[in-house]
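Laboratory data are not the source of any read-out in this text; all were calculated from the coordinates shown. Being a predicted model, the structure only gives us computed values, none of them experimental. Using ideal geometry, Cβ is built from the backbone for each residue, glycine included, and neighbour counts are taken over all protein chains shown.
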Ligand code: NDP
Ligand code: ZN
């Protein structure tokens, strides 16, 4: 089969590989649509997960099942499915302790294009099919379905980690596709005011549509100073970090009220240490919680988030700004994501309706 792969750090291309084998609990799927993620860019061009040779890229897509193992109960060839980016081993001790995303080791629930070939192939392998796949609701088209792999569950996890509650004032640092879904998640959880941090016009417009009420540009000076000015010196109840670098933590702590919570879903690609400002952290006693996590993955989450979209409560159409027709356009979509033109949110490659 053909796949689009990371050949080594900084180099990518089409390769031929054997079709993956299906174990008793597994499924083999063929993609219906695929999306490129900022994480693919970190993996390929920044060596974020270390060196990989001839590893098929991608972890966002929806698919048709072509084969299932003898012990798979709820899926059969021909089923159309949502595929989560994170596919834990649900019988692991980490999953039993509530941390499925770390099944097998820290962050090891992330398997596609990390520990095995990803989804940018003619076929791909899904472990623990009953635990990880979800049936694709007929109301959701294949392009929108790709946003349910990672953007929705990760962005929403930011709102969960920050513990957004009714009436909260929430600061969302970064309003790329992940941050946009943190805005949407915070809005659904009942935030009264959502302050988005970002500059690209297309993202600002989408954020407004998802419920952001105010905007800050990180280019106009320190984020926390701007937040304090906007909130009459009070600060915010919750912060979600979905963009920027290690310096965002200091701004988040400064912008937060005592008793506030920070949820980070951003990938911190450089810098050895994170600075926590001592005085604004209440000299260690400010009850300002810092919480960061990889989204949990799995079927139940996919089904619930899919139901939200199918019910018309979450419109994913503003995210896919660039849609290509045909598998051969993967490379173009990947390079587009790397170059991030100002009008881009997500590039999607459609193989089927
Ligand atoms: P984008 O690059 O599309 O968006 C980043 C956002 O951060 C933009 O709004 C950008 O603003 C803003 N930003 C850039 N620099 C700063 C800064 N210095 N201070 C504040 N804001 C800044 O990224 P994605 O939305 O695709 O992904 C966001 C992050 O989430 C990435 O690091 C990605 O790797 C990570 N991620 C994590 C996952 C997880 O499971 N935890 C899964 C998927 C992604 P501007 O408008 O100016 O561009
Ligand atoms: Zn992703």
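Quick notes
- Point-to-point label distance, residue 307-residue 138, nm (Cα→Cβ direction, 7 Å offset): 1.9 nm
- Cα centroid of the range 261-283 to Cα centroid of the range 220-242, whole Å: 15 Å
- Selected from 247, 122, 60 as most flexible by GNM, with the chain as the system and alpha-carbon contacts under 10 Å: 247
- Radius of gyration and Dmax over the Cα atoms of the range 153-292, both given in Å: 13.3, 40
- Global geometry of the range 72-121, whether rounded, prolate or oblate, following the gyration tensor of its Cα atoms and the 1.5 cut on a/c: oblate
- Gaussian network model of the chain, Cα within-10 Å springs - most flexible of 334, 294, 308: 308
- Over the chain, relative contact order from alpha-carbon pairs under 8 Å, at least 6 apart, %: 18 percent
- Entry for the range 228-320 at q = 0.12, 0.16, 0.25 Å⁻¹: log10 I(q)/I(0) = -0.53, -0.81, -1.21, Debye formula applied to identical alpha-carbon scatterers, no solvent contribution.
- For the chain, the spherically averaged projection of the C-alpha convex hull amounts to 16.7 nm².
- Put the Cα centre of the range 60-113 next to the Cα centre of the range 137-175 and the gap is 20 Å.
- Once the Cα-Cα distance is subtracted from the 0.36 nm per residue extended length, the residue 204 to residue 115 segment shows a gain of 28.5 nm.
- Bridge type composition, the chain - antiparallel percent by DSSP, nearest 5: 50 percent
- Mean sequence separation of contacting Cα pairs (under 8 Å, at least six apart), scaled by the length of the range 42-137, corresponds to a relative contact order of 32 percent.
- For the range 36-135, the square roots a ≥ b ≥ c of the C-alpha gyration tensor eigenvalues yield an a/c of 1.5 or more together with a/b not exceeding b/c, which makes the shape oblate.
- Inter-label distance, nm, simple model (7 Å from Cα along the C-beta direction), residue 325/residue 278: 6.3 nm
- Label positions at residue 53 and residue 247, each projected 7 Å from the Cα along the C-beta direction, are separated by 3.9 nm.
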